[in-house]
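Encoded as structure tokens, the structure appears first; notes follow it.
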């Protein structure tokens, strides 16, 4: 039987997961995907994700690849996987790719979105996916400061390279946007790659801007490592929206 490589786009609610990557302890997205593939195909298949989302982080468009000898249409495999996967994971699509394709290393950009519920009263429905901040935030000032992030820069003030990555903390930010939608504030960042906890530390610093505790110039000073960054915000407001490939 011929073996070939498949790219999966995966959506999941990260609330009950200890991240994407398999850990010694705790339930993981990778672990559930591999169990489902084994149940459907009878083969032990290793799944490689585009990124290692942390405990509690969600995804709409996580990329992952795996090799298989499945000899029926991929639409049938997708339906079968969605039938056996737990309710907090879904396969959005399956596509055959080149044998040397890598979901991680072939990614040209990633898009993350952090959501803040800026309201005086908590929302039981939104609390799994948004950080509640009761103090009014100036989303316009936050968006203005976020423009300092655009371009190729050293983001070491906000994060560290992943374990095993010996490269520098330089990344290229392709878009940084802060938008208000009623009581919700969405902070969306698109970059070629991200450092460990980079998004959550940027958000924590932008919140200080929104509260009036930091100016745009002071936010730039944080980026340039002349001031300390804000606190790392909790993971439940963070979602991996998309992984882009050529």
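The figures follow:
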read-out: Unmet requirement for residue 206, which otherwise passes all of (1) closer than 30 Å to residue 89 by Cα; (2) surrounded by 24 or more Cβ atoms within 10 Å (Cβ to Cβ); value: (1)
read-out: Count of residues meeting criterion [part of a helix (DSSP H, G or I), within 17 Å of residue 147 (Cβ to Cβ) and in contact with a strand residue (DSSP E or B) (Cβ under 9 Å, 6 or more places away or on another chain)] in the stretch 210-244; value: 2
read-out: One residue from 117, 94, 131 being surrounded by 12 or more Cβ atoms within 10 Å (Cβ to Cβ) and farther than 29 Å from residue 234 by Cβ; value: 94
read-out: Strands (runs of 3 or more DSSP E) completely within the stretch 74-157 that count 3 or more residues being within 18 Å of residue 180 (Cα to Cα); value: 107-117
read-out: Output for the stretch 219-246, where each listed residue is surrounded by fewer than 15 Cβ atoms within 10 Å (Cβ to Cβ) and over 30 Å from residue 63 (Cβ atoms); value: 224, 225, 226, 228
read-out: Among (1) touching a helix residue (DSSP H, G or I) at 6+ places or on another chain (Cβ under 7 Å); (2) surrounded by fewer than 17 Cβ atoms within 10 Å (Cβ to Cβ); (3) within 25 Å of residue 47 (Cβ to Cβ), the one test that residue 144 misses; value: (3)
read-out: Members of the stretch 6-26 that are surrounded by 14 or more Cβ atoms within 10 Å (Cβ to Cβ) and not in a strand (DSSP E or B); value: 13, 14, 15, 17, 18, 19, 20, 21, 22, 23
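Conditions tested, residue by residue: (1) touching a strand residue (DSSP E or B) at 6+ places or on another chain (Cβ under 6 Å); (2) touching a residue at least 40 places away in the same chain (Cβ under 8 Å); (3) within 22 Å of residue 171 (Cα to Cα).
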{"site": "3", "(1), (2), (3)": "yes, yes, no"}
{"site": "26", "(1), (2), (3)": "no, no, no"}
{"site": "43", "(1), (2), (3)": "no, no, no"}
{"site": "79", "(1), (2), (3)": "no, no, no"}
{"site": "84", "(1), (2), (3)": "no, yes, no"}
{"site": "99", "(1), (2), (3)": "yes, yes, no"}
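Residues checked against (1) surrounded by 14 or more Cβ atoms within 10 Å (Cβ to Cβ); (2) over 24 Å from residue 105 (Cβ atoms):
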| residue | (1), (2) |
| --- | --- |
| 177 | yes, yes |
| 192 | yes, no |
| 198 | yes, no |
| 210 | yes, yes |
| 217 | no, yes |
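Quick note: the coordinates plus some simple rules give every number you see, no bench work behind them. Remember, predicted model here, so these are calculated numbers, not experimental data. Glycine also receives a Cβ, built like all others from the backbone with ideal geometry; neighbour counts cover every protein chain displayed.
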